Amino acid sequence: MTIDQTIPLRRVRRGRPCPICAHTDWCEIRDDGVVHCMRVPSATPSRRQGGWWHHPAARREWPQPPPRGHAHGSGATLSPSAPATVPPCLAGPSASHPARDQATDPGAREPADLETRDRVYRALLAACPLSDAHRDHLLGVTRQLPAAALPEFGTLPPLADQGPLTRHLARLFGAPTLLRVPGFVPDDRGGLRLPAAGLLIPARDPRGRIQGVQVRQDAGPARYVWLSSSGGAHSGPSSGAPAHVARPPRRENPFLYLTEGALKATIAAWRLRAVCLGIAGVGTWRTVLGSLAALQEEGAHVVLIALDADDPAHTTAVAAGEHSRQCLAAAAVQLGYAVRLARWRHTAGKGLDDLLLAGGYPRLEIYRPTLPAPL
């Protein structure tokens, strides 16, 4: 499907939910009916902060919610996981080369190399100290991070106050370099700006390099956005939706945990004293496969897949989460991991961080795949 980049996208909201996943955040709808859903897969992946394109001409192929009572995550007692077949998402070339399935949006420019992005984003965080409000949020009862974790984050000031920041970074790296780093775009006064404001949350690779940065906005239609330069009048490099590898100060737990969200992964890593990986959403599960392969070389052998526990009434979101859970499990097995599926009642907390902060721990199922017979 060809995506016309000139048609504006509008964020979903209360009263105008995503027609694909029924959520009221994160997704977008174009005026011609094309949907950019961040949770439910289609045949057309997007590099606009991840997710997939759904065209109204293919409406009959849009995912349908499973029957009530069929979805996992309801909190009912589950028997040990039955042998599972390899999901269709891993059939064909994408099993070995998932990057080949990541279709690009027309007009998107290639970003700077990872080393350059890492240097620029580190300088950005160093120049953006945490505000008192963000410090209180991270230390408060809803996050409960220790003070030692706070240097990981920063506060990006509002657009009107970004001039000194962007001029400082331009003196360090030069405007041409910054324009190749996702998030930096020209302003109308000949300078640069960053199209967001709020809590800065870096997404690091297994070596600790910053691949991209999310912003938890203090205001706006979307709570979380990526620092990205794609879309709008300036068609710069897209951030993609890279997975985050969070490491504790001292690792005491040998398991890997895989959850949704960089901030959730950081909280879980500190609580569990384990390496925790955070994908941007269930629709971006492929982005974590490279990190899983790299961490296996460090001696990791077991991964616990702990995606969000959605309300079973939201059947489409539950189905999308289960689809990604099974795809992740099958991919991890192909990489050589032993896999456990972590589940809990949604009333105990939506995310793994919520569950841990409430004093809980997920119920684990052994994932037993049934692989195709060799030819």
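Numbers for the structure displayed
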read-out: Filter result for Asp311 (of a type in the set (Asp, Glu), in contact (Cβ under 8 Å) with a residue 24 or more places away in the chain, in a helix (DSSP H, G or I) and within 30 Å of Gly140 (Cβ to Cβ)); value: no
read-out: Residue check, Glu298 outside the structural domain of Arg216 (by TED's automatic domain parsing), assigned to a loop (DSSP other than H, G, I, E, B) and not small (Gly, Ala, Ser); value: yes
read-out: Output for region 142-152, where each listed residue is surrounded by 17 or more Cβ atoms within 10 Å (Cβ to Cβ) and over 27 Å from Ala348 (Cα atoms); value: Glu152
read-out: Of residues in region 243-262 being among the hydrophobic types (A, V, I, L, M, F, W, C) and over 10 Å from the mean Cα position of the chain (by Cα), the one farthest from Gly208 (Cα to Cα); value: Phe255
read-out: Search result, residues across region 274-286 that are closer than 16 Å to Ala330 by Cβ and modelled with pLDDT of 95 or more; value: Ile279
read-out: Members of region 136-153 that are farther than 15 Å from Arg122 by Cα and part of a helix (DSSP H, G or I); value: Asp136, His137, Leu138, Leu139, Ala147, Ala148, Ala149
read-out: Residue satisfying all of: in region 310-353; within 16 Å of the chain's Cα centre (by Cα) and hydrophobic (A, V, I, L, M, F, W, C); surrounded by the most Cβ atoms within 10 Å (Cβ to Cβ) among these; value: Leu352
read-out: Those residues of region 267-297 which are under 20 Å from Gly240 (Cα atoms), out of contact with any helix residue (DSSP H, G or I) (no Cβ under 6 Å at 6 or more places or on another chain) and not aliphatic (A, V, I, L, M), in sequence order; value: Gly281, Gly283, Thr284, Thr287, Gly290, Ser291
read-out: Identity of the residue in region 233-279, in a loop (DSSP other than H, G, I, E, B) and either of a type in the set (Ser, Thr, Tyr) or at positive phi (or both), that ends up surrounded by the fewest Cβ atoms within 10 Å (Cβ to Cβ); value: Arg273
read-out: Filtered residue count, region 203-220, keeping only those that are of a type in the set (A, V, I, L, M), surrounded by 20 or more Cβ atoms within 10 Å (Cβ to Cβ) and either more than 13 Å from Val245 (Cβ to Cβ) or without any contact (Cβ under 8 Å) to a residue 24 or more places away in the chain (or both); value: 2
read-out: Qualifying positions in region 167-196 - over 17 Å from the mean Cα position of the chain (by Cα), surrounded by 20 or more Cβ atoms within 10 Å (Cβ to Cβ) and within 17 Å of Ala126 (Cα to Cα); value: Leu169, Leu178, Val181, Phe184, Leu194
read-out: Residues located in region 175-232, provided they are more than 16 Å from Leu114 (Cβ to Cβ), among the basic types (Lys, Arg) and in a loop (DSSP other than H, G, I, E, B); value: Arg189, Arg223
read-out: Region 283-309, subset among the aliphatic types (A, V, I, L, M) and farther than 16 Å from Tyr337 by Cα, residue surrounded by the fewest Cβ atoms within 10 Å (Cβ to Cβ); value: Leu307
read-out: The lone exception for Leu200 - which of (1) of a type in the set (A, V, I, L, M); (2) within 20 Å of Gly278 (Cα to Cα); (3) surrounded by fewer than 19 Cβ atoms within 10 Å (Cβ to Cβ) it fails; value: (3)
read-out: Whichever residue in region 17-43 is surrounded by 17 or more Cβ atoms within 10 Å (Cβ to Cβ) and not hydrophobic (A, V, I, L, M, F, W, C) and, among such residues, is nearest to Ala280 (Cα to Cα); value: Arg39
read-out: Enumeration of residues in region 209-238 that are over 21 Å from Cys18 (Cβ atoms), among the polar types (S, T, N, Q) and within 18 Å of the chain's Cα centre (by Cα); value: Gln211, Ser229
read-out: Every residue from region 313-358 that is of a type in the set (D, E, K, R) and either out of contact with any helix residue (DSSP H, G or I) (no Cβ under 6 Å at 6 or more places or on another chain) or under 20 Å from His23 (Cα atoms) (or both); value: Glu322, Arg325, Arg340, Arg343, Arg345, Lys350, Asp354
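The values are calculated or read from the model by the stated rules, or taken from the named source; none is laboratory data. No experiment lies behind these values; they were computed from the predicted model shown. All Cβ positions, even for glycine, are placed from backbone atoms using ideal geometry, and neighbour counts span all protein chains on display.
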